[in-house]
Each structure stands twice: as structure tokens, then as C-alpha cells.
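The structure appears below as C-alpha cells.
The values are calculated or read from the model by the stated rules, or taken from the named source; none is laboratory data. Since we're looking at a predicted model, the values are computed, not measured. Ideal geometry is used to build each Cβ from the backbone, glycine not excepted, and the neighbour counts take in all protein chains shown.
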Amino acid sequence: MKIRITVVLLLLTNLCFSLNASAANYSNHPVAKAWVKEMVKEGFSEQYLNKVLKTATRKSSILKALNRPAEKRLSWDQYRSRFIEIKRIQNGNKFWKKHRKALERAERQFGVPAQMIVSIIGVETRYGKVTGSYRVIDALATIAFDYKRRATFFQNELKEFLLLAKEEKLSYTKPKGSYAGAMGFGQFIPSSFRKYAIDFDGDGKRDIWKNETDAIGSVANYLAEHGWQQNAPVIVPAKVSKEINKDWYNNGLDLKLTLKDWRARSIVGGANLDQNDKATLMRLSQSKKDLFWFGLQNFYVITRYNRSRYYAMAVYQLSQLIKAENKLG
């Protein structure tokens, strides 16, 4: 009897080991196999891709994080408190002072104010202190092959990452980033890196992981390429004088209506601006009183970095506090 029990236990152990081994990498994953076939059509080596997939590990913690987006769980007050902190403002001021020349050059070249660049880097990674602990290859593969809702997008990002690694002469197993595969000081996903990362210090490399100057130039370039308007406002308060249609606010980030259109709906703001400027209407929930704001073109540009009105508002407000601290310092 003991022998039989031992045999059964060994069989179960081997079965579990086999299942874990197959789950440990993506070499035999059906979705990954289909992706390989498509990538071969685009000129990739099947042998190379299979080698890549054998090194990519599924991360359950990533899938859990994707199902708990902060904006759906938190009020604006709660979200804001995560980023608008005295320490982050002070460290933003230190980062500005340390890299003043690079920030001034970026502002001249791209028209993006220094405080906005500093704020984004502060929100994204606390000025490079928290850049992510996941291997990028693991993060991208996990979402690409085991998160159906974003599979197509991240399968493309995985391709972009492999192209990036080849172009920048990096090992695809080495770079680390966020649970969504975003990298470096400014948290660029692979496609954004390839399009917008720049060598801002002229050393022949685009390094957003360790080179603050390249990171500064890359963030500025990203915002400029997405339509940043120099010396233009980001938001203006919106005055709502009566109960309004709930479909009018927090209804997407695209700029569809002009300030003139909003005025026709008895919602006013930005009286000193061109009334043909387009704006999106936001309602931000707070513990004491909800506030209405118009997000303008530059607000929309910030949301191209992260498609969230909470994110864009946090970045903007932090930038203004960092700017005020910089003047005082």
C-alpha cells in the first residue's frame, strides 16, 4: 500500500511540475503561438521568437493590478492625495535645480514648461526612484497573451520592444519597468520609446533608464509631438449655474465642443480665451464640494501620456506647486 501511495504521489508531483513548467513560460501558449506566426510574416525568425517566449514568465500579480484601476476605485480627493505631497513637491524642486540647464534647453527647444516635465517624471517614478521591478518581457507577454481586453495592443508592444532591443543593442531579458511594461524615468512603453525617446545629451544613446537628461528631453518631445501649445493654459474653472445633463461631463477626453458651444449650454469659463477653443467638461468629486473644470488642448495632450482625467489633473496641479516652490527656493 505504501508503495502505491508513493507512486501516486510521485505521479501527482510530476503532473504539477509539468503544469507549472508549461505555465512558467509562453513557448506553448496557444495565443503566443498564433502571435509567432504573424510575426514571422513580418520578418521575425521563428526560432528567435520561440527563444524569447521561453524566457517570458506569466505574472499573476500583473493581471490582478489590471483589474483594479485606481480611477474607478478612488474619488478625486483620494487619487490626488497619492501624488500631491509635500515630499514630492520638494523633491521636484531638487530635481529642477539639479537639471536646470537641461530643463531650460528642453523648454526652449520644445516649448514645454520645465515644471510640466518635472511633474510628469515626479508622478511617474518619483524622479527615477520607482521605475518598476518587472522585467519588461514578462509584463508585456503576460498582458499580450493572458489579458484578452488589451491583448492586441500589447502584442504590438511586445513586437515594438523586440525591435527596440535590437535597435538600442539591449538584451530583451534585462530592461525592467512597470506592470504594464513602461520604462525609465518617464515610463515610456516600447512604441513611445521608439517614436519619441531622444538622445538629448548627444552621447549617441537614448537612455531613459539612467540618463536624466535623455529622460527630460524625451518627455518634452513626447508632449510637443502630441500638440503642446506653448504659453497656453491647461485648464480653466467651469461655472455651472443649473442642473446639467450627466452625459455632458466626464464623457471621454476628446475635445468635441468649443467654449462657445458650452456657453450655449449655460456653462461658462475661460472668458479671456478664444471662444472657439475646444474643451472637455470634467466634474471632480471631492469630500466637501464637487468642482467643474474645462480641460483645454494642453490638458488633452497630458492625457495622451496617460488616458485619465485624474492623472492629467494631478500632473497639472503638481506642476504648479513645484513651480511655486522653485520660485521660493
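What are the pairs, 6+ residues apart or on separate chains, where a residue within the range 246-267 that is within 17 Å of Val234 (Cα to Cα) has its Cβ under 6 Å from a residue that is of a type in the set (Phe, Trp, Tyr)?
Every condition considered, the pairs that remain are Leu255/Tyr300.
Name the residues in the range 274-324 that are among the small types (Gly, Ala, Ser), in contact with a strand residue (DSSP E or B) (Cβ under 9 Å, 6 or more places away or on another chain) and assigned to a helix (DSSP H, G or I), would you?
Within the range 274-324, just Ala312 meets the criteria.
Select from the range 124-165 the residues that are crowded, with 24+ Cβ neighbours inside 10 Å and within 30 Å of Leu321 (Cβ to Cβ) and list them in ascending order.
Within the range 124-165, just Glu124 meets the criteria.
Among the residues that make up the range 228-242, is at least one of them part of a helix (DSSP H, G or I), more than 14 Å from Phe299 (Cα to Cα), out of contact with any strand residue (DSSP E or B) (no Cβ under 7 Å at 6 or more places or on another chain) and touching a residue at least 12 places away in the same chain (Cβ under 8 Å)?
Looking for residues that are part of a helix (DSSP H, G or I), more than 14 Å from Phe299 (Cα to Cα), out of contact with any strand residue (DSSP E or B) (no Cβ under 7 Å at 6 or more places or on another chain) and touching a residue at least 12 places away in the same chain (Cβ under 8 Å), one finds none in the range 228-242, hence no.
Tell me which residues, restricted to the range 283-317, are aliphatic (A, V, I, L, M) and touching a Gly at 6+ places or on another chain (Cβ under 6 Å).
Val301
Among the candidates Ser171, Ser191, Ser119, which residue alone is over 15 Å from the mean Cα position of the chain (by Cα) and modelled with pLDDT of 95 or more?
Sole residue among the options that is over 15 Å from the mean Cα position of the chain (by Cα) and modelled with pLDDT of 95 or more: Ser171.
Of the numbered conditions (1) touching a residue at least 40 places away in the same chain (Cβ under 8 Å); (2) surrounded by 15 or more Cβ atoms within 10 Å (Cβ to Cβ); (3) farther than 30 Å from Gly202 by Cα, Glu85 satisfies every one except a single condition; which is it?
(1)
Looking at Ile302, is it among the β-branched types (Val, Ile, Thr) and touching a helix residue (DSSP H, G or I) at 6+ places or on another chain (Cβ under 7 Å)?
yes
Go through the range 194-217 and count every residue that is of a type in the set (Gly, Ala, Ser), in contact with a helix residue (DSSP H, G or I) (Cβ under 6 Å, 6 or more places away or on another chain) and closer than 23 Å to Arg135 by Cα.
Within the range 194-217, residues that are of a type in the set (Gly, Ala, Ser), in contact with a helix residue (DSSP H, G or I) (Cβ under 6 Å, 6 or more places away or on another chain) and closer than 23 Å to Arg135 by Cα number 1.
If I ask for residues that are surrounded by 11 or more Cβ atoms within 10 Å (Cβ to Cβ) and either on the phi > 0 side of the Ramachandran plot or not in a loop (DSSP other than H, G, I, E, B) (or both), which ones from the range 38-60 would you list?
Correct list: Glu38, Met39, Val40, Glu46, Tyr48, Leu49, Asn50, Lys51, Val52, Leu53, Lys54, Thr55.
Evaluate the range 275-291: report whether one residue or more is under 23 Å from Glu107 (Cβ atoms), surrounded by fewer than 18 Cβ atoms within 10 Å (Cβ to Cβ) and not charged (D, E, K, R).
Within the range 275-291 (the criterion being under 23 Å from Glu107 (Cβ atoms), surrounded by fewer than 18 Cβ atoms within 10 Å (Cβ to Cβ) and not charged (D, E, K, R)), the answer is no, since none of the residues qualifies.
Just to check your reading of the model, which residue among Ile89, Ile137 is farther than 30 Å from Lys51 by Cα, part of a helix (DSSP H, G or I) and touching a helix residue (DSSP H, G or I) at 6+ places or on another chain (Cβ under 8 Å)?
Exactly one residue qualifies, and that residue is Ile89.
Can you find even one residue in the range 174-183 that is modelled with pLDDT of 95 or more and farther than 18 Å from Lys59 by Cβ?
no
Of the residues Thr131, Thr152, Thr173, only one is closer than 20 Å to Asp214 by Cα and either among the β-branched types (Val, Ile, Thr) or part of a helix (DSSP H, G or I) (or both); which?
Thr131
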